[in-house]
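Some notes on the structure that comes next.
The values are calculated or read from the model by the stated rules, or taken from the named source; none is laboratory data. Everything quoted here is computed from the prediction, not taken from an experiment. Counting neighbours? That spans all protein chains shown, and the Cβs are built from the backbone with ideal geometry, glycine included. Surface areas here come from the heavy atoms of the whole protein model, side chains and all, with no ligands, DNA or RNA. Shrake-Rupley method; radii C 1.70, N 1.55, O 1.52, S 1.80 Å.
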Amino acid sequence: MLAWRMLLRDLRAGELHLLGIAMVIAVASVTSVSFFTDRLSQALTREANQLLGGDLLLVADHAFRPEFREEAKRRGLQVLGSTSFTSMASSESGAQLAGVKVVEPGHPLRGSLRIAPGLNQPDRPTRDIPAPGEAWLDERLTSALGVKPGDEIGLGSSCFRVGAVLTFESDRGANFFSLVPRLMMRADDLAATGLVQVGSRIAYRLHVAGEPEAVADFQSWARPRLAKGESLEDIRNARPEVKNALDRAQSFLRLAALLAVVLAAVAVGLSARRFMQRHLDGCAVMRCLGARQGRISRLFLAEFLAFGLAASTLGSALGYAVQIGIEKLLAGLLNGALPAPSAWPLAYGFGVGLALLGGFVAPHLVRLADVPTLRVLRREWGGTGSGTAASYAVGAATLAALMFWMAADLRLGAAVLGGFAGALGFYALAARLVLAGAGRVRSAGGAGWRHGVASLQRRLGGSLVQAVALGIGITALLLLTLTRNELMANWRATVPPDAPNRFVINIQPDQVEPMRRFFAEKGLPVPKLLPMVRGRLVAVNGAPVGAENYSEDRARRLVEREFNLSYMASLPEGNRVVEGAWFAAGGRGAPMFSVEQGLAETLGLKLDDLLAFEIAGNRVEARITSLRKLDWDSMRVNFFVVAPPGVLDDFPASYITSFNLKPEQAAAVNELIAAFPNLTVIDVAGVLRQVSTVIEQLAGAVQFVFLFALLAGAVVLFAALEATHDERQYELAVMRTLGARNRQLRSALLAEFAVLGATAGLLGGLGASAIGYALAHFVFRLPLEPNFTVPLVGLVGGIAGVMLAGYLGTFRALRIPALQSLRALG
């Protein structure tokens, strides 16, 4: 009961407000992410087989050998094939890039389809697929083409009747193919469209379903028989494009929550330190009245245990509400409602709350119980010096453990911890130098300046803690506002205004000259049509290569897929040679390759390496004679590997081109599709808008959690200023008793707050600029130059903010009588 009364008293007195807010923010940030990721994990596990469209999925960039189907059927398994690719669908109102999915009767083996008789009408489940000569369009494609069931659309060389509106596919993922509108047709109708041409990018799939033992046996049989470009997927790696996209979002969410917890931990530590300072005298009196050390420890531990449980409960409730908002923001990426969360996120939230109590509050409570009775007579005894290093060590160890736990990755946790520790060390050292420099010029100002700087140096330890905490808070605020906006602005500026906004692929050799005439007749600039040959890298310097030779995911994916090779005599626009030399004039037919620099770094290639590609069953070898750096943001057609003319000319090739089309010329695309039905025109602007929509959804979800970090940063600022509030108030009372006027005290306070704000603001601005620069160059690959505006904003904002908040916090102390202040603090 006594602990409960102490808790109510401290709450009424406002002793626990900042500490409670910081704990609620930390727990809410963790639980919001944990609730969402837990529900998402359950959904992926529950619907893994539906995402596969079966119990096992075989994927390839070429048609599977018949033996796979035959063996699956021999083992009593169900097996169906499907293919997917992008192509242009057209109607009387225009043309639209569509993701075409070609299925066989019985699709899907696992999961379901839903169709509706029209847009915005009730849908129903179905076990059928489109009838012969019929196609099902999803809502976006139906709307974009301006059609309804019963109307006709064009696809390649064929026309199809719109049979229904496709509202749901259980095996639809979140890759690029699913970002474009969807069209579903039956496999029997594919050949008539004429869309399968040389160079067409088509994904082939075999869906297998049956008894678990039979599926496992077939998987064991199939795995060693997989050729290049073929892979197996089961419930453990189901639809990696779905998991990769959502894993990345989860990583951002975890990092946002991590930042919020780090800032909240700083605020909790500062608030706990102030709580301890304000209760030293009361504990000394309790010791004089006979209370034993153990009794005092138990009272405070019981008080804070009840307080921590209450704060964790409130934070968990807030986190649950926030994750509902995250789910709504990502509704466009998720198929259906997510399952209810388990109890683990609650355990995580309470674990974070108790960890903050144990690491940042408990050490101070132990010091409270250990206060000597002589402090009643000698107030300098049992102050903040004893055990301070041990308390901070415990807090640092707790924070490090929390960071590793929340990062869920050893390397990421180590990087974040190292960066955070480095920032703390740099901020502390820089603040110490700035305060020392201010002391050297103390005599340069008036009396207010001298008294203000003297106060900072008299409380040097507390001043350093305040400066570092304020610097961290300002860093977070600037990084989440100015620097983030600057990164986004630079990203938007990387694409030139006249960049190509249309790509055309699947151009056949006999269509090259007719296409050039088409553009000339329409009065449009004739684009460059570049040859594209599909080949697979099979050896480097005579040694066979495969995915097993690489540990990096991107390198494994590159080796497993077919490369788009090309040949040309002159260096393409937007390319520059960084090593070696471009093909010499007259070098036609010489076995040489020019390789993109990033690809070379990923695959560990260098000049003079001998590369072997398999093209249409033939082997082509040539040495690397140059490395090129590409301007990918130019949106032009680029190739990883280029050969001189005469090396690849005899192999089957299709052509590709890109061009810029003004809005008033958009009708030319429909005419181009009508003239060449097999072409695929990719509206890059439209695709980028679709991708941007998805990114905005993910960014909105991450922003929800970043709001916690912003709030935690603000709490750090207030907690840092409150850390020395009592000492400052006592000094003001003493100085007023000795005859100091309010004007003199105000100037001293403003000088103190100005130095503290300038130090923290400058450190925060420099830190935010450095982090933003590192993110731009090493993560986003953006040409962001150091911006001196951010440190300037940090400096000015730090001075103004700290001076205003600090003065408002001490304004009341200047108005009440000095004797009243001394009695209240005595």
Can you flag which of K606/K662; K148/K228; K148/K662; K228/K606; K101/K228 are past 31 Å Cα-Cα? K606/K662; K148/K228
Would you mind getting the accessible area per residue of region 600-668, heavy atoms of the protein chains only, 1.4 Å probe, in Å²? 44 Å²
Looking at region 95-164, which trypsin sites (Lys or Arg not before Pro) are DSSP coil and have at most 14 other C-beta atoms within 10 Å of their C-beta? R127
Roughly how many nanometres apart are two label points built 7 Å out from the Cα toward the Cβ at D553 and A397? 3.5 nm
Quotient of Cα Rg and 2.2 N^0.38 Å for region 69-174, N being how many residues it contains: 1.14
In whole Å, largest first, the alpha carbons of region 572-639 cover along the principal axes 34, 29, 23
For region 505-625, what mean projected area does the convex hull of the alpha carbons give, in nm²? 9.2 nm²
Might you work out the accessible area of L804 for me, using a 1.4 Å probe with all protein chains in place, and round it to the nearest 10 Å²? 110 Å²
Accessible area of S769, 1.4 Å probe, to the nearest 10 Å²? 30 Å²
Once you put a point 7 Å from the Cα of D370 and another 7 Å from the Cα of R619, both along the Cβ direction, what distance in nm separates them? 7.4 nm
Once fully extended, how much extra length lies between L460 and R298, figured as 0.36 nm per residue of separation less the alpha-carbon to alpha-carbon distance? 55.0 nm
Is region 620-682 best put as rounded, prolate or oblate by its Cα gyration tensor, with a ≥ b ≥ c the root eigenvalues, rounded for a/c under 1.5, and otherwise prolate when a/b is larger than b/c, oblate when not? oblate
